[in-house]
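A short worksheet on the structure shown next.
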Amino acid sequence: MTDEYTPPKIWTNDVSAGNKWANINSPESGSRFDKELPSGKHPFQLYSLGTPNGQKVTIMFEELLAADVKEAEYDAFLINIGESDQFSSGFVGVNPNSKIPALIDNSAAEPLNVFESASILVHLAEKFSKFLPESGSARTQTFNWLFWAQGSAPFLGGGFGHFYSYADEKQEYPINRFAMEAKRQLDVLDKQLAKNTYVSGEEFTIADMAIWPWYGCLVLGRLYDAAEFLQVETYEHVVRWAKLIDQREGVQRGRIVNRSWGEEWEQVPERHSAKDIDDVLKLKP
């Protein structure tokens with residue numbers, strides 16, 4: 001047990017810690033340096049990183065292309081958050097919150113900036129009438145679970161993942177607190193998936209795309225190396241669903257875009273054509 005922490009009367013930002021991420025973060029928003037974003041030839045310009053939040057959107061693009069929506073061609077540029085790319089003037093001009101992913105839609109008369117992963121998913125789903133029911137209870141259920149993901153995942157990532165994997169010190173209280181919440185969320189999903197093939201019903205939707213990169217990858221052992229710790233095998237319906245989604249071509253392609261770590265066959269730092277992914281997947285054993 002460490003010594004009890006007493007909060008100071010006025011909080012100040014301590015940048016002296018050795019933690020890389022603590023030193024990147026700041027209480028002040030806005031750009032820190034001038035740099036324009038690169039641009040490709042396709043209607044959609046994506047600036048992202050292959051984290052769970054980034055995977056949501058690249059999976060959406062690859063699913064649209066797999067559904068023969070040729071108008072969904074896109075360029076994907078790597079934003080290295082470890083090198084503070086998200087604080088460039090160009091990126092902040094698209095997303096003032098300095099978080100990936102960020103999208104510029106050039107398909108209309110005027111360019112449109114879209115940020116926040118759920119907003120991008122809805123934007124693309126409505127634009128192409130795919131992966132989002134048009135009306136009725138099915139549409140409402142999809143939104144219910146899409147926004148469940150937006151509200152829940154920070155407890156898994158910024159909560160459990162941070163204290164279990166990234167914090168300088170392993171502390172019992174925050175790890176226990178967020179492990180309990182992660183398991184509660186898995187139980188919520190498991191009970192929902194016991195009654196449905198996909199999260200919001202019998203159709204694959206943007207709700208699955210939003211949830212799978214977090215909770216699907218967690219139970220598949222790809223996130224935080226925490227599968228045994230959280231006993232993920234006990235959530236049998238989540239595991240079944242995670243494996244089902246993992247078999248989709250669009251998911252297999254989308255999850256490796258803007259990724260610069262892992263096996264050689266799962267790294268596509270930038271994507272400008274289908275060939276960029278095809279060439280890498282040829283290396284898969």
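The values are calculated or read from the model by the stated rules, or taken from the named source; none is laboratory data. As the structure is a prediction and not an experimental result, all values here were calculated from the model. FYI the Cβ positions are ideal-geometry reconstructions off the backbone, even for glycines, and counts take in every protein chain you see.
Residues are listed down the side, and each one gets a yes or a no for (1) modelled with pLDDT under 95; (2) within 16 Å of the chain's Cα centre (by Cα):
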residue: ASN97; (1), (2): no, yes
residue: PRO101; (1), (2): no, yes
residue: ASN106; (1), (2): no, no
residue: ALA109; (1), (2): yes, no
residue: LEU112; (1), (2): no, no
residue: ALA118; (1), (2): no, yes
residue: VAL122; (1), (2): no, yes
residue: ALA125; (1), (2): no, no
residue: PRO133; (1), (2): no, no
Matching option when the condition is modelled with pLDDT of 95 or more, within 30 Å of GLY216 (Cα to Cα) and over 22 Å from the mean Cα position of the chain (by Cα), among GLU36, GLU71:
GLU71
Can you find a residue in region 113-122 that is touching an Asp or Glu at 6+ places or on another chain (Cβ under 8 Å), without any contact (Cβ under 8 Å) to a residue 12 or more places away in the chain and assigned to a strand (DSSP E or B)?
no
Looking at region 74-89, which of its residues are at pLDDT below 95 and among the charged types (D, E, K, R)?
GLU83
By my count, helices (runs of 4 or more DSSP H) wholly in region 137-236 with at least 2 residues that are buried (at least 20 other Cβ atoms within 10 Å of the Cβ) are 172-193, 206-211
When region 90-121 is checked residue by residue, the ones that are loosely packed, with under 15 Cβ neighbours inside 10 Å and of a type in the set (Ser, Thr, Tyr) are SER107, SER119
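Look through ARG248, ARG259 and report the one residue that is surrounded by 15 or more Cβ atoms within 10 Å (Cβ to Cβ), of a type in the set (D, E, K, R) and either within 15 Å of the chain's Cα centre (by Cα) or at pLDDT below 95 (or both). Lay out the reasoning, then the answer.
Working: ARG248 fails: either within 15 Å of the chain's Cα centre (by Cα) or at pLDDT below 95 (or both).
ARG259 is the lone residue from the list that is surrounded by 15 or more Cβ atoms within 10 Å (Cβ to Cβ), of a type in the set (D, E, K, R) and either within 15 Å of the chain's Cα centre (by Cα) or at pLDDT below 95 (or both).
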Of the criteria (1) closer than 27 Å to LEU156 by Cβ; (2) aliphatic (A, V, I, L, M); (3) touching a helix residue (DSSP H, G or I) at 6+ places or on another chain (Cβ under 7 Å), which one ALA72 fails
(1)
For the subset of region 15-33 comprising residues that are at pLDDT below 80 and not small (Gly, Ala, Ser), which member is farthest from SER88 (Cα to Cα)?
ASN19
Applying the selection to region 237-272, what residues are free of Cβ contacts under 8 Å to residues at least 24 places away in the same chain and among the small types (Gly, Ala, Ser)?
GLY262
Looking at region 262-273 only, could you name the residues that are touching a Lys or Arg at 6+ places or on another chain (Cβ under 8 Å) and either buried (at least 23 other Cβ atoms within 10 Å of the Cβ) or not in a loop (DSSP other than H, G, I, E, B) (or both)?
TRP265, GLU266, VAL268
